[in-house]
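Just so it is clear, none of the values below were taken in a lab; they were calculated from the coordinates. None of the values given here were measured: they were computed from a predicted structure. Note that we place each Cβ from the backbone using ideal geometry, even for glycine, and neighbour counts take in every protein chain shown.
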2 protein chains.
Amino acid sequence: MSENQQDNKIDDYQKPSLTVDNLLFAIADEPSDNIRKLGNKKLQILLIKRNYEPFENCWGLPGAFMQMEESFLETSTRVLNEKMKLSNIYFEQLYTFDDIKRDPRTRVVSVAYLALINKVNVARSDDANLCWFTVEISKKQIVLNDEHGNKIDLNNAQLAFDHSKIIRMGVERLQNKVEYSNIVFGLMQKEFTIAELQQVFELILDKKFTKANFERKLRDKIEPTNQYRTSGFRPAMLYKTKEN
Amino acid sequence: MSENQQDNKIDDYQKPSLTVDNLLFAIADEPSDNIRKLGNKKLQILLIKRNYEPFENCWGLPGAFMQMEESFLETSTRVLNEKMKLSNIYFEQLYTFDDIKRDPRTRVVSVAYLALINKVNVARSDDANLCWFTVEISKKQIVLNDEHGNKIDLNNAQLAFDHSKIIRMGVERLQNKVEYSNIVFGLMQKEFTIAELQQVFELILDKKFTKANFERKLRDKIEPTNQYRTSGFRPAMLYKTKEN
DNA sequence: TCAAAAGTGTTGCCCGTACACCCATGT
DNA sequence: ACATGGGTGTACGGGCAACACTTTTGA
């Protein structure tokens, strides 16, 4: 952050507005209809229905204008806490969006944050405008679904502002980091079976693994607790993320 | 970029200032003292000596306040063109820095851009305050050197603002992307030998390769021209980056 | 002839993949 | 008994690292 010699009165010029937008992802469990089969997991994202201009009645990412005395992370947690009480969130800066016309009113620059929670900790929100959308990732497209069967295809910009683009970039980041970091554990509960972890990988990467190979791939990142998940057939060992 | 319902007059609140800072990297050639040896390459970064407050007389990254009618990229190219005429620059957004106290005067948020050039295209600058510093990357630290033997250790913050941190992050990004993208060609001339490319990899990653293995590693990213570099001993095939 | 670099071939190891097989459970 | 998932072993192949060797040049 340097400046030209001429810029001495730095508060004395017109500034863009600055907002923070949140991509909050979580995993939902969907019990199986067949008692002999595992339940399905879904990747979800939190959206808010805008009942104000601009983009009134569109779905968009929950965000807020940044205040002078708070950092991005503080803005971000403030928003999420106003909407629903949350804790233990994994946060990571995604990208800063600056298209000049991205907001029809005036120049607004937005810093997007990627946030992950394990959904067990979600206190129900009293904001009727909030909704968890299922994120269906495939090679060709990303489609969001709400619980009433409404579909939003991210290739057609049906969301507010450039939020479709932001979500696509967020999914891409998630896909990349799942492969080489521990980011996936931000979506898991403290204890989980290998099959559950595998399902989450498969959801995010739109790709199937085999049990044996998946176990070897993750072996050095997890360690067994000595407890079992019995809600199924043969009890499955519960694992947790390896310390250090 | 959403907001609370209450925020209707969006220009009617105090906003942080917004700047763009540039990490401009290039490769310098240093001819060998021994005629029987190859010359050395160095990674360099462009810094500017601040002759104004704050951090007067400190070195810092060249940057500027963003104007209402320009995007980050436009701010970035404006700065670099004001300082020295450049073209064909590779640009990539690095990160957005928002520590509340990073600027002692007031709240300033800075978007950092990573930029790469091949130095052949550098028109000499008439700004005496600009200087190319050599970047020495090792496992423990990053040290900057100017041509007069002055050293700046990035572990001690001797640069303006949080620019040490920004440079460390930029080097890290460069190291990561060199391994899995074509970013390195932004630093190379149009035609280059494999040995030159190998030297640049070794500089950035602080790691040695063997010829045979390095050739195999890069084989699918480059293609031979049918020209040779004769300035050495046995002439070396010149390569260029593979199209498609 | 010799030092340095250009260029190529061989080998072994590690890791990801495919696939096969047995174990444990409750209906 | 059987379907389903849990869990483990084996075998193949590609890619990377180590290393050895030949070729080419100018002094």
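Under 5 Å from the amide H of B:Ile222 lie the amide H atoms of B:Lys242, each residue being 5 or more positions distant or on a separate chain, with H modelled from the backbone and absent for Pro and chain starts. With springs connecting C-alpha atoms under 10 Å apart, model chain A as a Gaussian network and identify which of A:Asp162, A:Asp153, A:Asp126 has the largest mean-square fluctuation. Comparing A:Asp162, A:Asp153, A:Asp126 in a Gaussian network model of chain A, the most mobile one is A:Asp126. For A:Ser32 and A:Gln141, a Förster radius of 22 Å and the Cβ-Cβ distance give a FRET efficiency of 0.25, rounded to the nearest 0.05.
Around the Cα centre of chain B, unit charges on the Cβ atoms of Lys, Arg, Asp and Glu (plus for the first two, minus for the last two) sum to a dipole of about 1260 debye.
Of the beta bridges in chain B, as assigned by DSSP with both residues counted there, near 80 percent are antiparallel. Projected label points at B:Glu243 and B:Met68, each 7 Å from Cα along the beta carbon direction, are separated by 4.5 nanometres. Compute the long axis of helix A:72-83 from its Cα atoms, compare it with the longest principal axis of the Cα atoms of chain A, and write down the angle in degrees, 0 to 90, nearest 10. Taking the Cα atoms of chain A, the angle to A:72-83 is about 70 degrees. Stretching A:Gln175 away from A:Thr230 to a fully extended chain increases their span by 16.7 nm, per 0.36 nm per residue minus the current alpha-carbon distance. Which whole-number percentage describes the relative contact order of segment A:118-225, with Cα contacts under 8 Å and a sequence gap of 6 or more? The normalised contact order for segment A:118-225 reaches 21 percent. Taking chain A as a Gaussian network of alpha-carbon nodes connected by springs under 10 Å, the highest mean-square fluctuation of the residues A:Asn145, A:Asn156, A:Asn40 belongs to A:Asn156.
Just checking the listed ones, A:Lys49, A:Lys15, A:Lys177: in the Gaussian network model of chain A with Cα springs under 10 Å, the one fluctuating most is A:Lys15.
Here the residues B:Met66, A:Met84, ranked from fewest to most Cβ neighbours within 10 Å of their Cβ, fall in the order A:Met84, B:Met66. Look at the dipole of segment B:173-244 built from charges on Cβ: of B:Val200, B:Ile183, B:Ala212, the Cα furthest out on the positive end belongs to B:Ala212.
If both residues of a DSSP beta bridge must be in the protein assembly as shown, then about 80% of such bridges are antiparallel. Taking θ as phi - 60° and the Karplus parameters 6.51, -1.76 and 1.60, the scalar couplings of segment A:162-169 work out to 9, 5, 4, 4, 5, 5, 4, 5 Hz in sequence order, x denoting glycine and proline. The same position A:Gly149 in the other copies lies at 8.1 nm from this copy, comparing label points 7 Å beyond Cα toward the beta-carbon, shortest first.
Only Lys, Arg, Asp and Glu carry charge here, each on its Cβ (+1 for the first two, -1 for the last two); on that basis segment B:81-166 has a dipole of about 120 debye about its Cα centre. Relative to one another, the C-alpha centroids of segment A:99-126 and segment B:183-228 are positioned 41 Å apart. Between A:Ala115, A:Asn34, A:Ser17, the Cα set farthest toward the positive side of the dipole of segment A:7-132 (charges on each charged residue's Cβ, about the Cα centre) is that of A:Asn34. Computed from the Cβ-Cβ distance with R0 of 56 Å, the FRET efficiency linking B:Leu130 to A:Glu53 stands at 0.75. About its Cα centre, the dipole of segment B:122-244 is roughly 600 debye, where the only charges are +1 on Lys and Arg Cβ and -1 on Asp and Glu Cβ.
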